[in-house]
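As structure tokens, the structure follows; a few thoughts come after it.
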Amino acid sequence: MIVANNIKKIKSILKIQKTANQVIGFVPTMGSLHKGHLSLVKMAKSKSDFVVVSIFVNPIQFSQGEDYQNYPKNIKTDINLLKEEGVDLIFCPHPRDMYPIDFSVFVDETELSEVLCGKSRSGHFRGVCTVLVKLFNIILPDKVYFGQKDYQQALIVKRLIDNLNYDIRMYYLPTIRDKDKLAMSSRNRYLKDNERLDSLCINEALSLGRKLIQQGETRVFVIVDKMKNVIIKKRTAKIVYIEILDAINLKNLKIVKGKILIALAVYINGTRLIDNTVINVK
Ligand code: AMP
């Protein structure tokens, strides 16, 4: 396994793989890896000849006051985990190489980014799209792997691949949860024991939303209100958003119908957690 941070070196390694007709699978991450990331890596291993994982905490997708400086970093453990999975190449660039002093070109998605996390984290998806275009141009992947945990991001990445004519096949994999059903996230490491218990309200709220819909409730405001009541009972929880949207285009709905997304972002003390579920409603 090669670990490299130099962009020129990575490009030359991948050029050789491309010339040898190897199918390049790529999993972008911000590191501090858990089983959710590893599920993407395992799928990449099974579907490609040469697997690249990037570990890069992307400064430009964090707004001011967010946790960029404190974002958990476990590079040694990450490297060992990826070695066990049989990853071929780890790319961990320096921010100053990705964003040199004269960096002034950004990539904006202007529709799907307007809602949910895009509304509450100004500039977030601009940062995500920009770094992905850079990573795609450096690595030239044939296949890329993303998680449903970040549903809105996955939808935006699909749009980016289509709109910018990348010949990349995107795989989109289910959210991996801990035993207590909390969606795995690098940020879960911030949680103290009592906060971890409180954070279970996130999945409880999603389960309630699903149950209400199964029982025939169709009014979005009723479902959202009842979900909110689950969250506000927890002392450390603060809702950023709970929304039910059309899962294809992220447009608002009054009545649940078709493929719908229930998505929420909640602060547990200072830790911002997101989760979602997608349901096909007849
Ligand atoms: P991150 O390191 O948080 O930027 O995530 C890198 C990739 O891992 C993204 O495609 C995420 O959607 C995916 N991911 C993060 N958490 C999970 C999870 N619990 N289950 C599945 N995929 C995940």
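Using a Gaussian network model of the chain whose springs link C-alpha atoms within less than 10 Å, name the residue from 90, 138, 242 with the highest mean-square fluctuation. Its mean-square fluctuation being the largest, the pick is 138. Helix 124-139 and the longest principal axis of the Cα set of the chain meet at an angle near 30°.
Taking chymotrypsin sites (Phe, Trp or Tyr not before Pro) across segment 98-181, the ones in a DSSP loop with at most 15 further Cβ atoms lying within 10 angstrom of their Cβ are 103, 106. Of all aspartates and glutamates in the structure, the ones whose alpha carbon falls short of 19 Å from that of residue 179, not counting any fewer than 8 places away in one chain, are 193, 195, 198, 204, 275.
Here residue 269 and residue 178 are evaluated by their C-beta separation; at R0 = 22 Å the FRET efficiency comes out at 0.75.
Annotation: peptides 250-263, 24-37, ranked by per-residue average of other Cβ atoms within 10 Å with the highest first, follow the order 24-37, 250-263. Summary value for the chain: 17 percent relative contact order, contacts being C-alpha pairs under 8 angstrom separated by 6+ residues. In order along segment 152-157, the Karplus-derived 3J(HN,Hα) couplings, from 6.51 cos²θ - 1.76 cosθ + 1.60 at θ = phi - 60°, round to 4, 4, 4, 5, 5, 5 Hz, and Gly and Pro are given as x. For residue 169, the amide hydrogen comes within under 5 Å of the amide hydrogens of 143, 144, counting only partners 5 or more places away or on other chains and with H modelled in the peptide plane. In this structure, the pairs whose alpha-carbon distance is over 19 Å, taken from 18/73; 149/234; 158/254; 211/259; 238/259, are 18/73; 149/234; 158/254; 238/259.
With an a/c value under 1.5 for the gyration tensor axes a ≥ b ≥ c computed over the alpha-carbon atoms, segment 70-187 is described as rounded. Per-residue packing, averaged as other Cβ atoms within 10 Å, sorts the ranges 268-279, 212-223 into the order 268-279, 212-223, beginning with the highest. Length gained on full extension, residue 73 to residue 214, computed as 0.36 nm times the residue gap minus the Cα-Cα distance: 46.7 nm. Averaged over residues, the count of other Cβ atoms within 10 Å places the peptides 76-82, 11-17 in the sequence 76-82, 11-17, highest first.
Heavy-atom surface analysis with a 1.4 Å probe gives the chain a carbon and sulfur content of 50 percent of its accessible area.
Candidates 281, 265, 130 compared by Cα position along the dipole of the chain: farthest toward the positive end lies 281, with charges placed on Cβ.
Considering only 244, 168, 202, the mean-square fluctuation computed in a Gaussian network model of the chain, springs between alpha carbons under 10 angstrom, is largest for 168. At an R0 of 41 angstrom, the distance between the Cβ atoms of residue 194 and residue 16 translates into a FRET efficiency of 0.20. DSSP assigns beta bridges within the chain; of those with both partners inside it, close to 55 percent run antiparallel.
All distinct Cα pairs of segment 186-281 go into the 1/r average, and the inverse of that average, the Kirkwood radius, is 13.5 Å. On the beta carbon distance between residue 249 and residue 63, with R0 = 35 Å, the FRET formula returns roughly 0.90.
Across segment 222-282, the mean sequence separation of Cα contacts (distance under 8 Å, 6 or more residues apart), normalised by length, yields a relative contact order of 29 percent.
Adding -39500 (n - 2.57) for every DSSP H run of four residues or longer, then dividing by how many residues the chain holds, sets the calculated 222 nm ellipticity at -12000 deg cm²/dmol. How big is the Kirkwood radius of the chain, worked out from every pair of different alpha carbons and given in Å to one decimal? For the chain, inverting the mean 1/r across all distinct Cα pairs yields 19.8 Å. Computed from Cα atoms, the angle from the helix 75-84 axis to the main principal axis of the chain rounds to 80 degrees.
Averaged over its residues, segment 186-281 has an accessible area of 50 Å² per residue, based on protein heavy atoms and a 1.4 Å probe. Once the Cα atoms are used to define both axes, helix 220-232 deviates from the longest principal axis of the chain by about 80 degrees.
The values are calculated or read from the model by the stated rules, or taken from the named source; none is laboratory data. As the structure is a computational prediction, the values presented were derived from the model and not from experiment. Here the Cβ is made from the backbone with ideal geometry for all residues, glycine too, and neighbour counts use every protein chain on show. These area figures cover heavy atoms from the full protein model, side chains too; ligands, DNA and RNA do not enter into them. Shrake-Rupley method; radii C 1.70, N 1.55, O 1.52, S 1.80 Å.
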